[in-house]
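Visitor: This structure is in structure tokens; I'll ask about it shortly.
The values are calculated or read from the model by the stated rules, or taken from the named source; none is laboratory data. Note that this is a predicted model, so its numbers are computed, not measured. Every residue, glycine among them, receives a Cβ derived from its backbone with ideal geometry; neighbour counts consider all protein chains shown. Keep in mind that these areas ignore ligands, DNA and RNA; they rest on the heavy atoms of the full protein, side chains included. Shrake-Rupley method; radii C 1.70, N 1.55, O 1.52, S 1.80 Å.
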Amino acid sequence: KKKLGLITFDLDDTLYPIAPVLDEANAAFSTSMSNFGYVDIQPSDIVETGKEIRAAVDSEDSKDSKSSKTQDPLKPTTVNHKEIRMAAIRKEMEDFILKTKLRQTAEDWATEVESLTSPVRKSAEKWARTTVHSSVVQAVYNAWEMERHHAAERHLFPDAISTIKRIQEDHPNVIVGGVTDGSANPMLMVFSLMPLFDFTVSWEDDLDKARLMENVFQELDAVDQSDGLGWIYRLAVQKGKEMSNLTAEIKKKGENDGTDDEDDFEWCWVHVGDDLAYDVGGSATTGAKTVLVDLAPEYGQTARLRREGKRPAWTTETEEQLENHRKMSMNALEKVDATITHLGQLPEAINELLKGDDEE
């Protein structure tokens with residue numbers, strides 16, 4: 001008999017809409033920049049600058065110029081969301097200081113900015129680069145990330161919490177985990193998701209661990225097949241089984257509550273997410289039962305636009321990466337075990353998946 005031992009959730013556009021969350025986080029970025037004296041920088045600037053930096057990193061990769069990337073803080077060594085955003089913040093600061101320095105110099109010399117010579121401009125660029133301190137960049141990023149999690153809590157889909165609680169009621173001792181390719185972390189959503197989740201794994205935070213365990217060196221955007229996504233799900237299953245075993249051990253040491261023996265059940269894992277390529281394709285290759293969260297329009301999902309080759313306003317993906325994502329999504333269609341259009345359908349979908357396995 002099947003038993004739901006582990007359920008893992010993607011977060012962005014699965015439990016809340018990512019577009020308004022990023023909009024509000026970017027607004028916090030603008031406010032934080034202003035607090036440090038970098039005024040008149042718009043929320044959208046971090047997105048556009050991030051796109052430019054990501055394209056530059058990809059261009060450098062194609063030329064295999066690793067040495068230049070490691071020396072320039074505006075050319076991060078990886079293309080994960082955090083490093084791209086940190087580089088974008090730094091660039092916005094440097095551009096602001098550069099424009100201010102050039103304007104001040106022109107005023108001192110009673111001339112126009114356009115009339116300043118190339119050596120003067122290069123000196124001003126060096127001034128801007130040395131003036132920006134990494135601690136201020138980090139502080140602005142922290143403000144962005146904090147607001148991202150606060151905004152996610154504010155925009156949680158109405159039935160997200162009740163759905164997870166229902167699953168926990170239907171399947172006592174189930175381990176609940178988060179799997180994300182970005183900076184979302186349910187453990188930082190203290191007023192909503194944190195009490196419901198047991199752990200989270202992240203492509204950004206756990207990649208170094210995976211490199212030690214599995215010799216994984218690919219960044220997410222370099223993955224072009226579902227097999228390349230496997231490490232993060234294997235790590236999730238490993239954590240899930242460890243926690244499940246600990247729960248069983250604690251239970252055995254406690255008083256007998258009259259429930260069925262755990263040995264009578266076969267441990268089962270279900271992954272829930274909105275992304276065909278990353279959620280369905282990646283988890284299915286490592287043994288998950290997959291539930292595609294393809295919600296009704298009122299939920300406001302936007303990440304799924306990539307299946308159609310369309311670019312969501314908030315993404316920094318290049319056209320090549322967008323097309324690769326679309327192809328991976330199409331290849332994952334046959335790996336969908338269940339599809340839901342409302343989160344409230346998830347508990348029954350899981351029960352049907354477990355029932356179907358038992359009948360087989």
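Visitor: Sorted by accessible area (1.4 Å probe), largest first, how do 146, 330 line up? Walk me through the numbers before you get to the answer.
Guide: Numbers: 146 120, 330 80 Å².
The ranking, largest first, comes out as 146, 330.
Visitor: On to the next question. How far, in nm, would the chain grow between residue 294 and residue 23 when pulled straight, counting 0.36 nm per residue and subtracting the alpha carbon separation? Each step should come with its number before you reach the end.
Guide: Values: separation 271, 0.36 × 271 = 97.56 nm, distance 2.20 nm.
This chain segment gains 95.4 nm when fully extended.
Visitor: Which residue, chosen from 192, 151, 84, occupies the Cα position most advanced towards the positive end of the dipole of the range 82-201, where the dipole is computed from +1 (Lys, Arg) and -1 (Asp, Glu) charges on Cβ about the Cα centre?
Guide: The Cα lying farthest towards the positive end belongs to 84.
Visitor: At a Förster radius of 30 Å, what calculated FRET efficiency corresponds to the Cβ-Cβ distance of residue 336 and residue 266, to the nearest 0.05? Each step should come with its number before you reach the end.
Guide: Working: r = 22 Å, r/R0 = 0.73.
Working from the Cβ atoms, E equals 0.85.
Visitor: Using 7 Å Cα-to-Cβ label points, what is the residue 139/residue 351 separation (nm, one decimal)?
Guide: 5.4
Visitor: Further question on the same structure: Which FRET efficiency, nearest 0.05, do residue 107 and residue 40 yield, Cβ-Cβ r, R0 25 Å? Write out the running numbers ahead of the final one.
Guide: Numbers: r = 18 Å, r/R0 = 0.74.
Here the calculated transfer efficiency is 0.85.
Visitor: What are the residues whose amide H is under 5 Å from the amide H of residue 9, where those residues sit 5 or more places off or on another chain and H is modelled from the backbone?
Guide: 177, 178, 179, 272
Visitor: Rg and Dmax of the range 92-166 over Cα atoms: what are they, in angstrom?
Guide: Radius of gyration, then largest Cα-Cα span, for the range 92-166: 21.9, 71 Å.
Visitor: OK, next. For an R0 of 25 angstrom, estimate the FRET efficiency from the Cβ-Cβ distance between residue 117 and residue 52 and round to the nearest 0.05.
Guide: Working: r = 26 Å, r/R0 = 1.05.
Efficiency computed from Cβ-Cβ geometry: 0.45.
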